[in-house]
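Engineer: Pasting a structure here, questions to come.
The values are calculated or read from the model by the stated rules, or taken from the named source; none is laboratory data. Being a predicted model, the structure only gives us computed values, none of them experimental. We place every Cβ from the backbone using ideal geometry, glycine too, and count neighbours over all the protein chains shown. These area figures cover heavy atoms from the full protein model, side chains too; ligands, DNA and RNA do not enter into them. Shrake-Rupley method; radii C 1.70, N 1.55, O 1.52, S 1.80 Å.
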Amino acid sequence: MFRRYFASAVKQAPKMDVADIVIIGGGPAGLSLASAIKSSPILNDLKCTLVEGGKLAVSLEKFYQDPPEFIDKRVVSITPATMDYFKKIGSWEYVKEERIETYDNIHTYDGVSGAKMEFDAPEIATMIENVNIQSMLFQRIKQLNEETPDNQLQLLDETKVVDIKEDPNNEWPILNLSNGNTIKTRLLIGCDGYNSPVRHYAKIESRGWSYNRWGNVATCKYKDSEFRLSTGWQRFLPTGTLAFLPLPNNWCSLVWAVPPEISSILGKLNDEEFTLMLNAAARLTPEELNYLYKVADDEQEKLVEEVKWRLDLFKKKTTPEQLQDFPLEIDYIVAGSRAKFPLKLSHADSYVEERVALVGDAAHTTNPLAGQGLNMGQADVKCLVETLEKARMRGLDIGTKIAIEPYWSERFLANHVMLGVVDKIHKIYSTEFTPIVWARTVGVNVLNSLPFVKDFMVDQISHYNGHGKK
């Protein structure tokens, strides 16, 4: 039924189309931008097209009608500010609430010194699958298209951008598509990820570096507990960050950052061995973990016995009160849920050029240790839509650089600050150098004894709306 609302990738006679706005990328950023534009009383009359290379419509409709049993491994943490924006643009009513988990506590602890810090706040953040976000936005766009049958958002899924050229007459971007058609647009918006073709077309440089870390993800099940586990756990190790973030029914989402050589070792382990190593990484010392990585690499057949012995020893020498400073043990992981991705920091020199704007990962990428990547992208969406609305009300051509430059000037500094904070946290905790370990331990202990400071930090992260105010 949904096919009547969107264009499909069925081959037709090649044609040239003209649009006011073309969005490249059907991830959360692209779909929320499309939904926000069509929800805006100032912008909803614009002719808008979204182009996505994947099979978007079928997969999102299938998820909405018949969600799979297990939570997907591609899970993100959204702040109250991001959730409020989804509600504002009308998409949150379509969320699968039984598949999200709001948590109220984050427990961080240093793998070297043991220094710990807890952040408590009602509904500090919410864990949600990427596909759940995309699904609810897709349903909202369908609803908006039903309400405006004469000016629907056109979604071209299973359609790739072959190349982008500039119209020599008016500088409008012209997109050649894999279905043989072309689109000329007043404003081209790249929501197309780190290797953004839109950014390359606009000749905007992106600068940054690799962290020489791989993020290993999986969907895990805690051992049986009578309590609802609404705490996020994060352990800082010299090799990288280990995080367990809560999902419904005492499931959790794993993000484990390690160097490439350790990631390769973990990749050779079966699910049972990997689960044991997870529990070890949450409890044992860095020295013990380094030894276990060596066993896993050289004598994998001995790994299970060695890890179990060390975990049993840990339990015997740890009091029940001390055990509360560690997460529950992981019982097992969902088969086939393991994956990995490289961690990097990048920031584009600009988010705008003549008739081009960049949003989300196309403009910036960050280490996931603070869980702010998607939230930064949603703040981009909110700011860009507001910028386009102001430009439209002032009678400006929304594609010109002068019309969209306020978006870049507002978002660049806010994102730059967040990227810098996350980068510094990563570097401070990626060392065993004694003076730095001592200094960070003192700092953590002092902060943990100052509730008003922690409350301020949580409030800034949870409710910051990307415009320098709450």
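Engineer: Among the residues that make up the range 37-44, is at least one of them in contact (Cβ under 8 Å) with a residue 24 or more places away in the chain, under 26 Å from residue 334 (Cα atoms) and either in contact with an Asp or Glu (Cβ under 7 Å, 6 or more places away or on another chain) or open to solvent by 40 Å² or more (accessible area, probe 1.4 Å) (or both)?
Structural biologist: No, that holds for no residue.
Engineer: In addition: Give me a count of the residues in the range 50-86 that are in a helix (DSSP H, G or I), touching a helix residue (DSSP H, G or I) at 6+ places or on another chain (Cβ under 6 Å), aliphatic (A, V, I, L, M) and under 20 Å from residue 375 (Cβ atoms).
Structural biologist: 1
Engineer: Can you pull out the residues in the range 153-191 that are over 25 Å from the mean Cα position of the chain (by Cα), part of a strand (DSSP E or B) and not hydrophobic (A, V, I, L, M, F, W, C)?
Structural biologist: 154, 163, 165, 166, 173, 176, 182, 184, 185, 186
Engineer: Name the one entry in 164, 106, 189, 133 that is within 30 Å of residue 327 (Cα to Cα), modelled with pLDDT of 95 or more and not assigned by the TED database to the domain that holds residue 255.
Structural biologist: That would be 133, the only listed residue that is within 30 Å of residue 327 (Cα to Cα), modelled with pLDDT of 95 or more and not assigned by the TED database to the domain that holds residue 255.
Engineer: Mind checking which residues of the range 273-325 are open to solvent by 40 Å² or more (accessible area, probe 1.4 Å) and of a type in the set (A, V, I, L, M, F, W, C)?
Structural biologist: Those that are open to solvent by 40 Å² or more (accessible area, probe 1.4 Å) and of a type in the set (A, V, I, L, M, F, W, C): 309, 313, 323.
Engineer: Continuing with the same structure: Do you know which residues across the range 207-218 are surrounded by fewer than 16 Cβ atoms within 10 Å (Cβ to Cβ) and charged (D, E, K, R)?
Structural biologist: 207
Engineer: Which residues, taken from the range 309-324, are closer than 25 Å to residue 264 by Cβ and in contact with a Leu (Cβ under 7 Å, 6 or more places away or on another chain)?
Structural biologist: The one that is closer than 25 Å to residue 264 by Cβ and in contact with a Leu (Cβ under 7 Å, 6 or more places away or on another chain): 310.
Engineer: I would also like to ask the following. Out of curiosity, is residue 342 within 26 Å of residue 80 (Cβ to Cβ) and either open to solvent by 10 Å² or more (accessible area, probe 1.4 Å) or not assigned by the TED database to the domain that holds residue 133 (or both)?
Structural biologist: Against the criterion (within 26 Å of residue 80 (Cβ to Cβ) and either open to solvent by 10 Å² or more (accessible area, probe 1.4 Å) or not assigned by the TED database to the domain that holds residue 133 (or both)), residue 342 does not qualify.
Engineer: Would you confirm whether any residue within the range 290-300 is under 18 Å from residue 110 (Cα atoms) and of a type in the set (Asp, Glu)?
Structural biologist: No: zero hits.
Each row is one residue, and each column tells you yes or no for (1) touching a residue at least 40 places away in the same chain (Cβ under 8 Å); (2) of a type in the set (Val, Ile, Thr); (3) open to solvent by 40 Å² or more (accessible area, probe 1.4 Å); (4) touching a Ser or Thr at 6+ places or on another chain (Cβ under 9 Å).
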| position | (1), (2), (3), (4) |
| --- | --- |
| 159 | yes, yes, no, yes |
| 170 | no, no, yes, no |
| 174 | no, yes, no, yes |
| 188 | yes, no, no, no |
| 193 | yes, no, no, yes |
| 205 | yes, no, yes, yes |
| 220 | yes, no, no, yes |
| 230 | yes, no, no, yes |
| 233 | yes, no, no, yes |
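Engineer: Hey, residue 328 hits all of (1) open to solvent by 70 Å² or more (accessible area, probe 1.4 Å); (2) hydrophobic (A, V, I, L, M, F, W, C); (3) modelled with pLDDT of 95 or more; (4) touching a strand residue (DSSP E or B) at 6+ places or on another chain (Cβ under 8 Å) but one; which does it fall short on?
Structural biologist: (3)
Engineer: Go through the range 126-152 residue by residue and tally those that are surrounded by fewer than 22 Cβ atoms within 10 Å (Cβ to Cβ), among the charged types (D, E, K, R) and under 16 Å from the mean Cα position of the chain (by Cα).
Structural biologist: 0
Engineer: Still on this structure, I have one more. For the range 307-361, enumerate the residues that are out of contact with any His (no Cβ under 8 Å at 6 or more places or on another chain) and among the small types (Gly, Ala, Ser).
Structural biologist: Passing the criteria: 335, 336, 337, 339, 350, 357, 360.
Engineer: Out of the range 296-313, which residues are out of contact with any Asp or Glu (no Cβ under 9 Å at 6 or more places or on another chain) and in contact (Cβ under 8 Å) with a residue 12 or more places away in the chain?
Structural biologist: The one that is out of contact with any Asp or Glu (no Cβ under 9 Å at 6 or more places or on another chain) and in contact (Cβ under 8 Å) with a residue 12 or more places away in the chain: 308.
Engineer: All but one of (1) on the phi < 0 side of the Ramachandran plot; (2) assigned to a strand (DSSP E or B); (3) under 20 Å from the mean Cα position of the chain (by Cα); (4) not aliphatic (A, V, I, L, M) hold for residue 194; state the number of the condition that does not hold.
Structural biologist: Among (1) on the phi < 0 side of the Ramachandran plot; (2) assigned to a strand (DSSP E or B); (3) under 20 Å from the mean Cα position of the chain (by Cα); (4) not aliphatic (A, V, I, L, M), the lone unmet condition for residue 194 is (2).
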